[in-house]
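Below is one structure; the comments refer to it alone.
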Amino acid sequence: MPGRVSILGVPVHDVSLAEAVAAAREAVQTGRPLRVVTANPEIICRAAADPGLRAALTAADLVTPDGVGVLWAARRLKRPLRERVTGIDLTLALLEAGETLGWRVFFLGGRPGVAAEAAARQAARYPGLLFDQAHGYFTAADEAALMEQIRSFRPQLLLAGLGAPRQEIWLYEHADLAAVTVGVGGTLDVLAGRKKRAPLWVQRAGGEWLYRLAREPGRLRRQWALPLFVWRVLRQKL
């Protein structure tokens, strides 16, 4: 793996999108599992107070910088990272790479119907992939049947959109379900066509988080983690 920087105790890799995809392809080819975390400021800050989440992040095989705030923190700590590798960008790149190899892809997460819609839409877009899916509203009593469904499908790629920190901890506890596992947050809603990404120029300007906040004002409460993140990074630097 490439070099990494410790941000509030969470190791974030200096990895490009192309390198992350290459690592996934190698994991599938060699049979050595790869668990990927796409880390944004909110989850990094939360890990400081959540031992279970911190364990899941520090033990991950690859932690990508998801968000301009993470890039800012790395620069402040004199360990700059090359680029953002977001959950949605990594997902799309992995689907494209896996199509030529005939990967089996499992979508897990979202409200009932979301994963099924995402699978149907992406199967039309990537006919070389095979899909299976399950929604994210399962209970502890449902887990045995869910894991049997996943194992029977034998996916090369498992994308879990269970929300943070649930998806990171769940994949940490069930790391053997696929060659490559990634927590992707609300990506399944985008793949299902229920939500739209920011325009490309907004993405390139680093304003995707603000675009999402404008469209989903309910996310405002979560953004209070950002000032705390900034303060803790500055304190770490000192």
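The values are calculated or read from the model by the stated rules, or taken from the named source; none is laboratory data. These numbers come from a predicted model, not from an experiment. Quick reminder, even Gly has a Cβ in these numbers, built from the backbone with ideal geometry, and neighbours come from all protein chains shown.
Return the residues of region 73-88 that are assigned to a helix (DSSP H, G or I) and farther than 12 Å from Val36 by Cβ; say none if nothing qualifies.
Here is the first cut: in region 73-88, the residues assigned to a helix (DSSP H, G or I) are 73-76, 87-88.
Across region 73-88, the qualifying residues are Ala73, Ala74, Arg75, Arg76, Ile88.
Report yes if Ala27 is part of a loop (DSSP other than H, G, I, E, B), over 16 Å from the mean Cα position of the chain (by Cα) and not charged (D, E, K, R), otherwise no.
Values: part of a loop (DSSP other than H, G, I, E, B): no; over 16 Å from the mean Cα position of the chain (by Cα): yes; not charged (D, E, K, R): yes.
Answer is no for this residue.
Test Arg54 against the criterion of being at pLDDT 95 or above, surrounded by fewer than 22 Cβ atoms within 10 Å (Cβ to Cβ), out of contact with any strand residue (DSSP E or B) (no Cβ under 6 Å at 6 or more places or on another chain) and within 26 Å of Glu148 (Cα to Cα), and give yes or no. Can you show your working first?
Numbers: at pLDDT 95 or above: yes; surrounded by fewer than 22 Cβ atoms within 10 Å (Cβ to Cβ): yes; out of contact with any strand residue (DSSP E or B) (no Cβ under 6 Å at 6 or more places or on another chain): yes; within 26 Å of Glu148 (Cα to Cα): no.
No: the conditions fail for Arg54.
Just the residues that are of a type outside the set (D, E, K, R) and surrounded by fewer than 24 Cβ atoms within 10 Å (Cβ to Cβ), please, taken from region 25-39. Write out each step before concluding.
Narrowing region 25-39 to residues of a type outside the set (D, E, K, R): 27-31, 33-34, 36-39.
Ala27, Val28, Gln29, Thr30, Gly31, Pro33, Leu34, listed by residue number.
Tell me, please, whether a residue that is in a helix (DSSP H, G or I), more than 26 Å from Glu42 (Cα to Cα) and more than 15 Å from the chain's Cα centre (by Cα) can be found in region 163-181.
no
Could you go through region 133-155 and let me know if any residue there is at pLDDT below 95, buried (at least 16 other Cβ atoms within 10 Å of the Cβ), of a type outside the set (Ser, Thr, Tyr) and outside any loop (DSSP other than H, G, I, E, B).
No.
Can you tell me which residue among Val70, Val12 is part of a strand (DSSP E or B) and under 21 Å from Leu234 (Cα atoms)?
Working: Val70 fails: part of a strand (DSSP E or B).
None of the others qualify; the one that does is Val12.
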